[in-house]
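One structure below.
Here, each number is a calculation from the coordinates, and none is a lab measurement. Note that the structure is predicted; figures quoted are calculated from it, not measured. Note that we place each Cβ from the backbone using ideal geometry, even for glycine, and neighbour counts take in every protein chain shown.
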Amino acid sequence: MKTDMVIAGVGGQGILSIAAALGSAALDNNLHMKQAETHGMSQRGGDVQSFMRISDKPIYSDLIPKGGADIILSVEPMEALRYLPYLKKGGYVVANSSPFINIPDYPNEDELVKTIEALPNYVLIDADKIAMEVTGSTRAFNFVMLGAASPFIDVPFEYLEEGIRKIFGKKGEDVVQMNIDALHAGRKFSEENK
Amino acid sequence: MQKSLLLGVEAIAQGAIDAGMSGVYAYPGTPSTEITEYIQHSKIANERKIHSEWSANEKTAMETALGMSYAGKRTMVCMKHVGLNVAADCFMNAAITGANGGMIVTIADDPSMHSSQNEQDSRVYGKFAMIPILEPSNQQEAYDMTRFGFELSEAFGTPVMMRITTRLAHSRAGVEPVAEIAAENEMHLPEDKQQFVLLPGIARRRYKLLLSNQEKFEAASEDSQFNQYTEGSDKSLGVIACGLGYNYLMENYPNGDCPFPVLKVSQYPLPRKMMEKITSECDKVMVLEEGYPVVEELLKGYLGKEAVIGRLDGTLSRDGELTPDMVAKALGMEVEEGMAIPDLVAARPPALCVGCSHHDVYKALNEVIAEYGEGRVFSDIGCYTLGALPPYRAINTCVDMGASITMAKGAADAGLIPAVAMIGDSTFTHSGMTGLLDAINENSPITVIISDNESISMTGGQKSSAKGKLEAICEGLGVDPEHIKVFTSLPKKHEEVKDIIRKECDYQGVSVIIPRRICVQKNVRDQKIKKAMKAKAAAKA
């Protein structure tokens, strides 16, 4: 059992909650995990990434080697492509289709979609829209994304639900349920569109 | 014991709490900030009243920690690598005074400069001061080494450096804590009442003691559980892997089947016998170290006659942090990279937040500076340094904490008038005040803008030492109150602000302009905390 995943986005998009849920799930089930993240200057609207590694064997490096990632999970379409050198042959790109535009030279969106669609293995998902449809707000879009990546993560799906319970437990059952609903919706989309 | 998911920095913080530390002293700086923040939010640290307030700068932090050590209690001082430059005076001399209560100096280096001006390697400082250095290779070691570090410090009566780098600082893993938390030390003064008096006569005696201690430090490294020699059958190469370098080596042998002898180094001074063994039994030695080629240079020698490979001969990149694939290539393994980044991917540099008050300052400043000619804005370290990037390109320097004011003065001395300094509130109280005093004493024609967002924002909105004190400080130092201009920074005041800047630039003396508006991120966090406290109070009622 081993999954290496690059989680990508833009500073402030909250990619770390995805990593936190997954990390907590891994730890509670006695798996090894390492998760490296970006702090400091780059967080100010710059590109950020987290390297998430889960395994049933000890993990040494905090960084995923180039060509070693099973999955690139990106909460933003262009950011998914920035980490392609890390993707393993046969690995999956799971990308949110809603762009986060805070730079003047953001690429043409149609071309961006075409570039992602030309990848051998991808899921392109409008996580904001699905979160809105399923939960009535876009807040849980991150967990739609985790759900969409879940078929490719070598960790039992229930573990992910447990992780969400653990990190959102304090905020009440409504928040937990909202994120679990989002997780299921993302998974369903992925199963149908991968 | 239940494992906790901790960042490397958090593991150090938890390790310090569990080792009976009585106080942490620090100034925020990536990647070291969260050590102190973790202690500030720790329940047990609060119950024990462990000191964790921010210091004004790294020098005051180091000195205060040394004072706590003098009084016999365990203490930690934390900072980023460049912070140690600020605290170096105390640091170097603390090696001579030695410690009484255990003292750990935790320095977080930033190879690859993710959030820094340089990638200096603090191990050089540790060697310079001739004190033991610990360099954990993972989160569990970071936790365990903290307790070990306090014990080492007290056993030898010396401060100990804990050196980490960005990847360990900001990477999370499961950490198993010890079952029992140590009690804090009772206050006890040094037996030798002159130990901390570095008058030449005493300092010479203390220095001789430090020199004679080197042998003991080396013996401790030899026996250390954190330095390990693993035998290997293929002696054509030996690998010395320091700190995180060990992880990148082992990443390439997932089944633990590295054929070469490996010396894992996580405690310095270097374990001499093990170093002798690996160099004598292997044809060639590769050194994997995060940061400068410190060990490599030592082994290779000035003339480079020894068979040592690493960063100096191009086997590994001379700069930047190590990566697993870089090490794989050095070991002669093939690395199959993924696809190339498509051309349409644009760079997304960090930027000032929407609604940030620095925007208003830069818009006004740029228009006024255009009237005098460009190249006269000296800036400093903080979010406002992003004013160097488009769309503003407003600043011409960023060197070290506080340098905006003194560099503006030097340029004004050379005839560049007006010269403008652009500095933040916290950077000003960190290291700007003394420079301002120099300018006041000579009535230098400089205009200092203290863009006050009432927070240390770049590192996450920590409490600024400057809060509510800026005008009083400037006036107290001797700035003419007529030339201290304070106002709320808002886009609608654009023309008014331009007039203020222009007038003060024309004044042939020291002016201080203080545009003030709370950091937008800090404001959101403050509101959230307020709301949570209100809800808590309501729940109680």
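Remarks
- Residue-averaged [θ]222 nm for chain A, counting only DSSP H segments that reach four residues, each worth -39500 (n - 2.57): -12500 deg cm²/dmol
- Over 27 Å apart at the Cα level, from the set A:LYS2/B:LYS235; A:LYS34/A:LYS170; A:LYS129/B:LYS363; A:LYS170/B:LYS73; B:LYS80/B:LYS127; A:LYS66/B:LYS3, are A:LYS2/B:LYS235; A:LYS129/B:LYS363; A:LYS170/B:LYS73; A:LYS66/B:LYS3.
- Taking the square roots of 5 times each eigenvalue of the Cα gyration tensor of the range A:118-194, largest first, gives ellipsoid semi-axes of 22, 15, 8 Å.
- Shielding of A:80-87 by partner chains, average beta-carbon count, 10 Å: 5
- Filtered GluC sites (Glu not before Pro), the range B:425-513: DSSP coil and at most 14 other beta carbons within 10 Å: B:GLU442
- Here is what passes the span test in chain A: the DSSP H helices with alpha carbon length of 15 Å or more along the helix axis and a Kyte-Doolittle mean of 0.5 or above are A:15-28.
- Spherically averaged projected area of the protein assembly as shown from its Cα convex hull (nm²): 34.8 nm²
- Sequence-distant residues sharing a close amide H with A:GLU76 (under 5 Å, placed H): A:ASN96
- Percent of beta bridges antiparallel (DSSP, the range B:357-523, rounded to nearest 5): 5 percent
- Amide H to amide H, with H built 1.01 Å from N, B:GLY320 comes under 5 Å of B:SER112, counting only residues 5 or more places away or on other chains.
- Relative packing of B:101-108, B:333-340, which averages over residues the other C-beta atoms within 10 Å, highest first: B:101-108, B:333-340
- DSSP-loop chymotrypsin sites (Phe, Trp or Tyr not before Pro) across the range B:224-316, with at most 10 other Cβ within 10 angstrom: B:TYR302
- Under Karplus coefficients 6.51, -1.76 and 1.60, residue-wise ³J(HN,Hα) of the range B:293-301 in Hz, glycine/proline x: x, 5, 6, 4, 5, 4, 6, 5, x
- Mean separation of Cα pairs under 8 Å and 6 or more residues apart, divided by the residue count, gives chain B a relative contact order of 11 percent.
- Charge tally in the Cβ shell below 15 Å around B:ASN453, where Lys, Arg are +1 and Asp, Glu are -1, B:ASN453 excluded: +2
- As a ratio to 2.2 N^0.38 Å, the alpha-carbon radius of gyration for the range A:2-193 is 0.95.
- Relative contact order of chain A, pairs being alpha-carbon contacts under 8 Å that are 6 or more residues apart, as %: 22 percent
- DSSP beta bridges in the protein assembly as shown [antiparallel fraction, %, rounded to 5]: 30 percent
- Relative to the Cα centre, the charge distribution of the range B:271-399, modelled as +1 at Lys and Arg Cβ and -1 at Asp and Glu Cβ, gives a dipole magnitude of about 320 debye.
- Computed helical MRE - 222 nm, chain B, DSSP H runs ≥ 4 contributing -39500 (n - 2.57), nearest 500: -12500 deg cm²/dmol
- Taking every alpha-carbon pair under 8 Å whose residues sit at least 6 apart, the range B:357-523 reaches a relative contact order of 26 percent.
- Assigned charges on the beta-carbon of Lys, Arg, Asp, Glu; the range A:2-193 dipole about Cα centre (debye): 580 debye
- Projecting the Cα atoms of B:ASN441, B:ALA411, B:LEU490 onto the dipole axis of the range B:357-523, where Lys and Arg carry +1 and Asp and Glu carry -1 at the beta carbon, places B:LEU490 farthest toward the positive end.
- Loop-located trypsin sites (Lys or Arg not before Pro) in the range B:367-430 (DSSP state not H, G, I, E or B) with no more than 16 neighbouring Cβ atoms inside 10 Å: B:ARG393.
- Placing +1 on each Lys and Arg Cβ and -1 on each Asp and Glu Cβ, with no other charges, gives the protein assembly as shown a dipole about its Cα centre of roughly 1440 debye.
- Only beta bridges with both residues in chain A are counted; by DSSP, about 50 percent of them are antiparallel.
- Kirkwood hydrodynamic radius over Cα pairs of chain B, then Stokes diffusion coefficient at 37 °C and 0.692 mPa s, in µm²/s: 129 µm²/s
- Under 5 Å from the amide H of B:MET162 lie the amide H atoms of B:VAL105, B:THR106, B:ILE107, B:LEU134, each residue being 5 or more positions distant or on a separate chain, with H modelled from the backbone and absent for Pro and chain starts.
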